[in-house]
Amino acid sequence: MARKTWDEDEGEAGPAAPDPICALCLRPIPPDVPQSVHHLIPKLKGGRNGPTVLLHDICHKEIHAALKESELARNFSTPEALRAHPRLQKFAEWVAKRPPEFLSQVPGPPGRRRKD
């Protein structure tokens, strides 16, 4: 009996693994949707080799629009703490009503104006 190669075996794989779940909004992240790895402790604050979580790109942008690096390192270094932040909690509730592939512009931090 001939040995199967990796290419021959690909088509016979079992059921596909479920899509990963976003650590902020808790929606699935389909493979064709922009996704991002978030360092729970920012790299600039010593988290280069620290724990990370997978997020929708829109959720990751919202985190960095809402919180400074120092705030993330000091008070929001777990998914639970991020979900408990008032702005992020409101965002997660809002985005949870959208399909997983939903994309949108993310506003900047409050009080900052764009220079035109």
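The values are calculated or read from the model by the stated rules, or taken from the named source; none is laboratory data. Small disclaimer: the values here were computed from a predicted structure and weren't measured. Cβ placement follows ideal geometry from the backbone for every residue including glycine, while neighbour counts extend to all protein chains displayed.
Can you name the residue in region 33-65 that is over 17 Å from R83 (Cα atoms) and of a type in the set (A, V, I, L, M, F, W, C) and is also surrounded by the fewest Cβ atoms within 10 Å (Cβ to Cβ) among such residues?
Only one residue tops the list, namely L44.
Restricting to helices (runs of 4 or more DSSP H) lying wholly in region 20-92: which have 1 or more residues that are closer than 17 Å to F102 by Cβ and touching a residue at least 40 places away in the same chain (Cβ under 8 Å)?
It comes to 57-66.
Count, please, the residues in region 93-110 that happen to be in a helix (DSSP H, G or I) and touching a residue at least 24 places away in the same chain (Cβ under 8 Å).
Count: 1.
Condition check: at pLDDT below 85, assigned to a loop (DSSP other than H, G, I, E, B) and among the aliphatic types (A, V, I, L, M). Does A13 satisfy that?
yes
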